[in-house]
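Notes for the one structure printed next.
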Amino acid sequence: MADRVSKYAYGIEFSRSFDSTNPEHRNRESATHIDASGDRLVPNGFDVILPRATQVSETTTFRRSYCWVFKDRAQVEKTISVGILCYRGTGMFNNRTEMFAKLCTVVSPTPPYEEYLKTKSQYYQISYDVVLNFGLTELTAHIEWTESGVIKTSPASVVYDIDILSD
């Protein structure tokens, strides 16, 4: 089968580090918050895992690494969930919600966390990858993490019959 091209961009909602030189970040400065590690973040961003107009085959895998930081172990849930979004716009990403479609939510057992000490502040971090796979007629998404040197994988969420690729 010939390679195809992704029709849209795919990714997740993401809080990114505040960059005072970025005009969009400055416009949203009042919405920023400080996370448990002390980093200043701009919420409600979109992080691309599969860019629009990318050549893919039925065995192509796309992944991005993420982390979740928290102050108190009591904040840890038994599962984590990540919504997979499709951006149907063209050009630059914007916050117009009608340009985004939620394809599925991947739910995973919570990976193990690591303890950190940064500038006299203790916090915990969970590191994981969000993985997208493209089959002939579907997109699958899952979460991966490493535990005691072994790669663990969440159950996959499958999205069928979506207009994700053009021939």
Is it the case that segment 76-94 has a residue that's out of contact with any strand residue (DSSP E or B) (no Cβ under 8 Å at 6 or more places or on another chain) and either buried (at least 18 other Cβ atoms within 10 Å of the Cβ) or closer than 24 Å to Y123 by Cα (or both)?
yes
Would you pick out the residues in segment 119-148 that are farther than 20 Å from I12 by Cβ and either of a type in the set (S, T, N, Q) or at pLDDT 90 or above (or both)?
T119, S121, Q122, T137, S148
Do any residues in segment 52-80 that are assigned to a strand (DSSP E or B) have Cβ atoms under 6 Å from those of residues that are modelled with pLDDT of 90 or more and open to solvent by 70 Å² or more (accessible area, probe 1.4 Å), where the two are at least six apart or on different chains, and which pairs are they?
none
Which one is surrounded by the most Cβ atoms within 10 Å (Cβ to Cβ) among residues in segment 8-33 that are farther than 24 Å from L132 by Cα and basic (K, R)?
R28
Using beta carbons and a limit of 9 Å, which pairs, at least six apart or on different chains, have the first residue in segment 31-45 and in contact (Cβ under 8 Å) with a residue 12 or more places away in the chain and the second one acidic (D, E) and open to solvent by less than 50 Å² (accessible area, probe 1.4 Å)?
L41/D35
Out of the residues in segment 156-167 that are in contact with a strand residue (DSSP E or B) (Cβ under 7 Å, 6 or more places away or on another chain) and either outside any strand (DSSP E or B) or closer than 13 Å to P111 by Cβ (or both), which is modelled with the lowest pLDDT?
D167
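The values are calculated or read from the model by the stated rules, or taken from the named source; none is laboratory data. The structure displayed is predicted, hence computed values, not measured ones. So basically every Cβ, Gly included, is an ideal-geometry build from the backbone, and we count neighbours across all protein chains shown. Accessible surface is based on the protein model in full, side chains and every heavy atom, while ligands, DNA and RNA are left aside. Shrake-Rupley method; radii C 1.70, N 1.55, O 1.52, S 1.80 Å.
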